[in-house]
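Structure, as structure tokens:
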Amino acid sequence: MKQRLFDRRTRQLAHRAWTEKERLIVWRGLTGRFAIAIEPLLGLAFMIFLTVGIIYRANHVPSDHDLIKIAWIFALGAVCFLGYFIAVLVAPFVAYVQTFKPIYIVDGYVRYREPDPTSEIDSTGYIATLFEDRSVACEWECFGRKPLPNVTIPALVEFSEYAGIHKIDGKSTGLLPEELPPLAIGIAPRKGTHPQ
């Protein structure tokens, strides 16, 4: 869960555009997810074909007029496959669209804190970018291997509001991997934004 805590200072922050390499990594993640989405897409096409075929046959062959009663079953199947297709693609599509927003640069602090009662079950805590006056610019929930300590460190931070912290003092946090496997299959679905 990301907390959007930007204020009017956000518009005045130093920022940069995503590099082509960074955008390409997110694009490869989207195309990899689309490869997985072929299954519900084929299911959707098949269910639409059956629904239209049944309706056509029921309207053009008098002896099969009662077939129209089962067309709704396949139409419902088509709706389910459409929902599955959208569910598979929505997160990577939103992530790719976010690559056209800026990456902010703050010379302030990074604050780590342990999970609290509102955290998700598998949360390891929260990481936040703080302005130089220690007010919160943005905070994200983390999912990693070990709980985060309660600590605040001075740092030069590069972050995007949607994704999290990309770099701390010029070092990558692993938010964007250097390389993706073919079709981005086999990467972890959730990863913390803190260095391991």
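Structure data summary
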| read-out | value |
| --- | --- |
| More than 25 angstrom apart: percent of Cα pairs within the chain | 51 percent |
| Contact order normalised by residue count of the stretch 103-174, Cα under 8 Å, 6+ apart, percent | 35 percent |
| Total formal charge among the other residues, if their Cβ is under 15 angstrom from that of Pro149, Lys/Arg +1 and Asp/Glu -1 | +2 |
| Mean residue ellipticity (222 nm) of the chain, computed from DSSP H runs ≥ 4 via -39,500 (n - 2.57), nearest 500 | -13000 deg cm²/dmol |
| Shape metrics for the stretch 27-98, restricted to C-alpha atoms - Rg then Dmax, Å | 16.4, 55 |
| Per-peptide average of other Cβ atoms within 10 Å, ordering 115-122, 29-36, 42-49, 155-162 highest first | 155-162, 29-36, 42-49, 115-122 |
| Distance from the stretch 102-144 to the stretch 12-43 (C-alpha centre basis), Å | 24 Å |
| Globularity ratio of the stretch 95-178, using Cα Rg and 2.2 N^0.38 Å | 1.07 |
| Between 0 and 90°, nearest 10: helix 71-98 axis offset from the chain longest Cα axis | 20 degrees |
| Rounded tilt (10° steps) of 20-60 against the dominant C-alpha axis of the chain | 20 degrees |
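No lab work stands behind these numbers, since they all come straight from the coordinates. Keep in mind that what you see is a predicted model, and the values were worked out from it rather than measured. For neighbour counting, all protein chains shown are included, and Cβ atoms are generated from backbone atoms with ideal geometry for every residue, glycine included.
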